[in-house]
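The values are calculated or read from the model by the stated rules, or taken from the named source; none is laboratory data. As the structure is a prediction and not an experimental result, all values here were calculated from the model. Cβ atoms come from the backbone with ideal geometry, glycine included; neighbour counts cover every protein chain shown.
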Amino acid sequence: MSIKLEHVTYTYSPGTAYEMHALKDVSLEIPDGQFVGIIGHTGSGKSTLIQHLNGLIRPTEGRVLFDGQDVWAEGYDLRSLRSNVGLVFQYPEHQLFETDVLTDVCFGPKNQGCTPEECRERAEEALRHVGFPEQLYHKSPFELSGGQKRRVAIAGVLAMNPRVLVLDEPTAGLDPRGRDEILDQLKELHNTRGITVVLVSHSMEDIAKYVERIIVMNGGRMAFDGIPKEVFSHYKELEAMGLAAPQITYIMHALKEHGMDVDTNATTIEEAKASILAALEGRRKKPC
Ligand SMILES: Nc1ncnc2c1ncn2[C@@H]1O[C@H](COP(=O)(O)OP(=O)(O)OP(=O)(O)O)[C@@H](O)[C@H]1O
Ligand SMILES: [Mg+2]
């Protein structure tokens, strides 16, 4: 069970003066239950890539397979693919349009043919998952704060019970607290429901903290694909691509250069703290 891209190339406006090769020969597989991060400089092809995952755009060359089936083969049910793979666009709150929150979140399940009771159940469950307060269920989406709108929009996709949730910069423009809350809730959803999450983010700290695998895009190609430690160990190459490792990586390297025996592979604050404390402890024990 997986989503697979085989040698996917995507060209905007082919054969015109505006031709743009946004993806170049990208092959990857996302197995069920993974929490994957996609990073890359602006224009590197992240949004183009994720729109292939639910069949929103068709590769110019190459194939997209869902559970082993070519989603662009004749007769393939793209509607069912889009139910299985939920896509949350950047600034999804611009797509809220119903008169109240609950009706808005019910929109997806209603389209899937659920009864009004099922729609309501699914909508309430999805809103609980994103930590949206019950007393605001009957408010107009337009009266909500930015963070609340974002939660409603994510809940709208979750209510369709996707197996895979793909989010394009879900925390862009939110304050640090709102950002952490939303990402913590996504992680919890991944842990409890086993849902696959694909997260596009500009924040190395978020990526390092939440994901188990990082795909780095650069100029339409996949530059790296691996666990965070492995990818961040290429921090010099990442810099050359206009990216950077998490700040903690730089701190750990600086400490090492100044003679402290710390683990330069630490990518989260917790790991760094443990490594620094162990190094300090080691120093204390050394005979003078
Ligand atoms: N609709 C479009 N028509 C023509 N070119 C496009 C279109 N959408 C994107 N592009 C171009 O394709 C390339 C990849 O764009 P894409 O939006 O996938 O990048 P991105 O990594 O998501 O960038 P960002 O971080 O800014 O969101 C860019 O050069 C972009 O200008
Ligand atoms: Mg984008």
For the list (1) away from ligand 1 (no atom under 16 Å from the Cβ); (2) in contact (Cβ under 8 Å) with a residue 60 or more places away in the chain; (3) assigned by TED's automatic domain parsing to the domain that holds Ile39, I need the number of the one condition that Gly226 fails.
(2)
Only one of Gly68, Gly113, Gly108 is small (Gly, Ala, Ser), assigned by TED's automatic domain parsing to the domain that holds Leu186 and modelled with pLDDT of 95 or more, namely Gly68
Can you find, within segment 82-101, the residue that is surrounded by the fewest Cβ atoms within 10 Å (Cβ to Cβ) among those that are at pLDDT below 95 and hydrophobic (A, V, I, L, M, F, W, C)?
Phe97
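For the condition touching a His at 6+ places or on another chain (Cβ under 7 Å), in contact (Cβ under 8 Å) with a residue 12 or more places away in the chain and surrounded by fewer than 16 Cβ atoms within 10 Å (Cβ to Cβ), what is the one hit in Asp32, Asp25, Asp67?
None of the other options fit; the residue is Asp25.
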Within segment 173-218, can you find the residues that are closer than 16 Å to Ala244 by Cα and within 16 Å of ligand 2 (Cβ to nearest atom)?
Val200, Ser201, His202, Ser203, Asp206, Ile207, Ile215, Val216, Met217, Asn218
Any chance you could count how many residues in segment 35-52 are away from ligand 2 (no atom under 12 Å from the Cβ) and either of a type in the set (Ser, Thr, Tyr) or over 11 Å from the mean Cα position of the chain (by Cα) (or both)?
1
If we take segment 12-115, then helices (runs of 4 or more DSSP H) inside it with 2 or more residues that are away from ligand 1 (no atom under 15 Å from the Cβ) are 78-84, 101-111
Residues being more than 16 Å from ligand 1 (Cβ to nearest atom), closer than 15 Å to Pro228 by Cβ and of a type in the set (A, V, I, L, M, F, W, C): count how many of those fall in segment 162-211.
4
Select, from Leu238, Leu280, Leu255, the only residue that is under 18 Å from Gly37 (Cα atoms) and outside the structural domain of Ser44 (by TED's automatic domain parsing).
Leu238
